[in-house]
Amino acid sequence: MDIQKVLEKIDGINSKDPNIEQFGTESYPKEILYSQRMTEMLFEFVTSPSIPLQVAARGQHIQRWAIPRSDYSMDKKGYMKWRTVLKTYHAELLTELLEEEGAEQSVIDQVRLLISKRKLKTDPESKTLEDVICLVFLKYYFAGFAKKHDEEKVIDIVRKTWAKMTEDGHDAALKLPLDEHELKLIQSALAG
């Protein structure tokens with residue numbers, strides 16, 4: 001299996017995202033930007049990530065726009081249902097791509113495990129992927145999230161995010177280039 005071909009196929013799908021995100025002076029399809037940030041962070045966080053970890057990081061949100069959040073009730077139950085449906089959808093799409101490229105069943109199984117998040121507490125690669133997800137959120141999306149929500153909610157989300165991370169993830173998070181306000185919110189969350 002050629003990992004580059006798999007990543008290119010993921011990018012090809014994600015480049016069709018109709019949702020556009022601005023970064024610097026450029027505009028990008030939202031999920032292509034997210035997936036590339038995931039890969040970048042993965043390689044900053046892990047020296048030699050496995051092929052399944054690379055595929056799962058790049059494809060975690062593959063074609064996410066196909067299942068809009070608005071299709072589910074706007075409460076916690078609806079959010080959880082939406083996330084469950086997305087995980088299955090992403091795992092199926094990635095399985096198809098991997099099979100097309102002749103991936104071994106063990107690679108496919110590990111990617112499915114990582115995307116499903118069924119073994120977050122016990123599988124080392126699942127823990128690594130979760131750290132990378134949290135680091136990408138903190139580096140690229142936290143500031144925007146904090147501006148849209150009241151401080152109490154933001155602090156609660158930081159606590160929940162922090163609880164999902166390993167000690168290595170915590171160390172990496174504290175080294176991110178966060179502004180003074182973001183660091184204050186994190187410190188408030190950790191103090192509580």
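The values are calculated or read from the model by the stated rules, or taken from the named source; none is laboratory data. Predicted model only: the values in this text are computed from it and were never measured. Positions of Cβ are generated from backbone atoms using ideal geometry, with glycine treated the same way; all protein chains shown enter the neighbour counts.
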Which of the residues belonging to region 89-108 are under 19 Å from the mean Cα position of the chain (by Cα) and without any contact (Cβ under 8 Å) to a residue 24 or more places away in the chain?
92, 95, 108
Tally of residues being surrounded by 12 or more Cβ atoms within 10 Å (Cβ to Cβ) and closer than 23 Å to residue 13 by Cβ across region 67-81
3
From the option list 128, 47, 122, single residue qualifying as in a helix (DSSP H, G or I) and of a type in the set (Val, Ile, Thr) is 128
Residues in region 14-27: is at least one surrounded by 12 or more Cβ atoms within 10 Å (Cβ to Cβ) and closer than 19 Å to residue 112 by Cα?
yes
For the structure I just gave you, tell me whether residue 105 is in the same structural domain as residue 49 (by TED's automatic domain parsing) and either of a type in the set (S, T, N, Q) or at pLDDT below 95 (or both).
yes
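Given the criterion of a type in the set (Gly, Ala, Ser) and touching a Leu at 6+ places or on another chain (Cβ under 6 Å), identify the matching residue among 191, 173. Talk me through it step by step, then tell me what you get.
Working: 191 fails: touching a Leu at 6+ places or on another chain (Cβ under 6 Å).
Selected residue: 173, the only one of 191, 173 that is of a type in the set (Gly, Ala, Ser) and touching a Leu at 6+ places or on another chain (Cβ under 6 Å).
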Could you tell me whether region 151-161 includes any residue that is touching a Leu at 6+ places or on another chain (Cβ under 8 Å) and touching a residue at least 40 places away in the same chain (Cβ under 8 Å)?
no
Would you mind stating whether residue 3 is within 16 Å of the chain's Cα centre (by Cα), closer than 16 Å to residue 96 by Cα and of a type outside the set (Gly, Ala, Ser)?
no
For residue 113, state whether it is assigned to a helix (DSSP H, G or I) and of a type in the set (A, V, I, L, M).
yes
Among the numbered criteria (1) over 19 Å from residue 169 (Cβ atoms); (2) without any contact (Cβ under 8 Å) to a residue 12 or more places away in the chain, which one does residue 48 miss?
(1)
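Among the candidates 155, 133, which residue alone is within 22 Å of residue 58 (Cα to Cα), modelled with pLDDT of 90 or more and surrounded by 13 or more Cβ atoms within 10 Å (Cβ to Cβ)?
133
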Could you tell me whether residue 76 is more than 25 Å from residue 154 (Cα to Cα) and modelled with pLDDT under 95?
no
Can you pull out every residue in region 131-181 that is outside any helix (DSSP H, G or I) and not aliphatic (A, V, I, L, M)?
149, 150, 166, 175, 177, 179
It is to be established whether one or more residues within region 74-95 are in contact with an Asp or Glu (Cβ under 8 Å, 6 or more places away or on another chain), closer than 22 Å to residue 140 by Cβ, outside the structural domain of residue 130 (by TED's automatic domain parsing) and not in a loop (DSSP other than H, G, I, E, B).
yes
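Yes or no: region 171-187 includes at least one residue that is under 25 Å from residue 122 (Cα atoms), assigned by TED's automatic domain parsing to the domain that holds residue 136 and without any contact (Cβ under 8 Å) to a residue 24 or more places away in the chain. Before the answer, list the steps.
At the first step, the residues of region 171-187 found to be under 25 Å from residue 122 (Cα atoms) are 171-174.
Narrowing further to those that are assigned by TED's automatic domain parsing to the domain that holds residue 136: 171-174.
Then keep just the ones that are without any contact (Cβ under 8 Å) to a residue 24 or more places away in the chain; that gives 171, 174.
Within region 171-187, one or more residues are under 25 Å from residue 122 (Cα atoms), assigned by TED's automatic domain parsing to the domain that holds residue 136 and without any contact (Cβ under 8 Å) to a residue 24 or more places away in the chain.
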